[in-house]
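The values are calculated or read from the model by the stated rules, or taken from the named source; none is laboratory data. None of the values given here were measured: they were computed from a predicted structure. Cβ coordinates were reconstructed from backbone atoms using ideal geometry, including for glycine residues, and neighbour counts include every protein chain displayed. These accessible areas exclude ligands, DNA and RNA; they are computed on the full protein's heavy atoms, side chains included. Shrake-Rupley method; radii C 1.70, N 1.55, O 1.52, S 1.80 Å.
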Amino acid sequence: MEQLSLFDDREKTAPLASRLRPVSLEDYVGQKHLIGKGKLLRRLIEDDQISSMIFWGPPGVGKTTLARIIAEKTKAQFVEFSAVTSGIKEIKEVMARAEQNRKMGIRTVLFTDEIHRFNKAQQDAFLPFVENGSIILIGATTENPSFEINSALLSRCKVFILKALEEDDLKNLLEHALKSPTGLGNMRIEIEDSHLSAIARFANGDARTALNTLEMAVFNGRMNEAAVLCVDEEVLNQCMNRRSLLYDKNGEEHYNLISALHKSMRNSDPDAAVYWMCRMLDGGEDPLYIARRLVRFASEDVGMADSNALQMAVATYQACHFLGMPECDVHLTHAVVYLAMAPKSNALYCACEACKSDIKELPAEPVPLQICNAPTSLMKELDYGKGYIYAHDTEEKLTRMQCLPEALADRRYYLPGTQGQEGQIKERLEEILRWKCEK
């Protein structure tokens, strides 16, 4: 006879987040913009009129839960599929069954978790079956579908964006967990309201993190004489010693944060710039990547207004290379604050882009003969170098010699501004141009 164990009861031993997973729209927390009364997605679910769709949002906001609620409401056959464990073979098997169901008038709803993990070939395998109506595809992803899902498949799906849960929503969820018989309601627990607020804030919009943290805090609590589990601040601090902020070094959030850093420096906001830089480091970003972006910023957004900015950025890269994390964080902070507070000019960037545009769109002009070298007698006979004037031989250290191709003689690429040192450079350039125009 099989030996029984307390651990055989999966209903009781499952994680708190699994035990409290909502089974109806009434119990579902958050996403009121999608499933509130009268909202489009709610009407589609209640009328069992769903079409292929993608749920896009951060972890722990209810994508899988919403799909399972649909499974309860729909009259179609519901198949759950994971991109982590399934390949082309499994996809084809499911599609073959779905095609047979279609011929018998039965719809198949296929839920694919982490659909962004499928490669192009695997995603392409869905396409003909979505097109002919064999399946209604529901995909869940934490990544931007624009980047991670084939455009042909994406064009046939409605994208619904799920938002991080509000702190109040998470706190209500925690309070429900403490009262619900399927949660912790059968236990005598003492936890302060401020502690629930701290957990909700720590979870950063993620219901799973909030419930897991509460469960950990409760089971590490102290039992008093009255057999009550007390969750004190020390236990709670241990359970919340590190928050995993959303950050994917290869995904959209990576680009969102580096964009936030760049634009905060451009806007001369050192506080915001340091915050976004630290967020990237906290998420595990390579400090050398950040340092390389600072080198670019130094020329693109500061430029000649403060040429020391480039030296600062390069020195920061070298310091990060020498020391690495965690010591190099202060060097990055040094550079980020310097660049944020430096005078700004994008004149170099504009000059570069304007010149590249001309090179791409206009004919490739020959080098003017007067600035060509003439290393052979034949080249001298062909007027190579004829009319060249050595600027150092002149009193002004300037010549009126034309250096641009004739077709571009009036082009001005570098248009200095007035910020910082560039104001002096602007005056110098205008002085040179006036002198060249004099006869």
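Within the set of other residues whose C-beta is less than 12 Å from the C-beta of Glu192, count the net charge using Lys and Arg as +1 and Asp and Glu as -1. Counting the neighbours of Glu192, the net charge comes to -4. In a Gaussian network model over the chain where Cα atoms closer than 10 Å are linked, find which of Pro366, Pro128, Pro22 has the largest mean-square fluctuation. Among Pro366, Pro128, Pro22, the largest mean-square fluctuation in the Gaussian network model of the chain belongs to Pro366. One entry in (i) 23, 47, 20, 6, 3, 1; (ii) 18, 35, 29, 14, 4, 0; (iii) 25, 57, 18, 0 is P(r) over Cα pairs in 20 Å bins from 0, in percent calculated from the shown coordinates; its label is (ii). Which FRET efficiency value, to the nearest 0.05, do you get for Tyr349 and Ala391 by plugging their Cβ-Cβ distance into 1/(1 + (r/R0)^6) with R0 = 45 Å? About 0.95, to the nearest 0.05. Taken about its Cα centre, segment 57-138 carries a charge dipole of about 200 debye when Lys and Arg each add +1 at the Cβ and Asp and Glu each add -1 at the Cβ.
From helices alone, the chain scores -14500 deg cm²/dmol at 222 nm; the rule is -39500 (n - 2.57) for each run of n ≥ 4 DSSP H residues, then divide by the residue total. Summed over the residues of the chain and divided among them, the accessible surface reaches 58 Å² per residue at a probe radius of 1.4 Å. Dipole orientation for the chain: of the candidates Thr333, His392, Pro15, Pro15 has the Cα lying most toward the positive pole (charges on Cβ; Lys, Arg +1; Asp, Glu -1). Taking every alpha-carbon pair under 8 Å whose residues sit at least 6 apart, the chain reaches a relative contact order of 11 percent.
Mean sequence separation of contacting Cα pairs (under 8 Å, at least six apart), scaled by the length of segment 334-391, corresponds to a relative contact order of 23 percent. Counting Lys and Arg as +1 and Asp and Glu as -1 over every other residue whose Cβ lies under 10 Å from the Cβ of Ser82, the net charge comes to -3.
Taking the 1.4 Å solvent-accessible surface of segment 371-413 as the whole, the part contributed by carbon and sulfur is 50%. For the pair Val79 and Arg411, label points projected 7 Å from Cα toward Cβ lie 5.9 nm apart. Among Phe118, Phe160, Phe322, which one moves the most in a GNM of the chain with springs linking Cα atoms closer than 10 Å? Between Phe118, Phe160, Phe322, it is Phe322 that shows the largest mean-square fluctuation. Between segment 255-275 and segment 153-205, how far is it from one alpha carbon centroid to the other, in angstrom? So the separation of the two Cα centres works out to 30 Å. A Förster radius of 51 Å combined with the Cβ-Cβ distance from Ala315 to Leu382 puts the calculated FRET efficiency at roughly 0.60.
Restricting the GluC sites (Glu not before Pro) of segment 325-389 to loop positions (DSSP other than H, G, I, E, B) with no more than 14 neighbouring Cβ atoms within 10 Å leaves Glu327.
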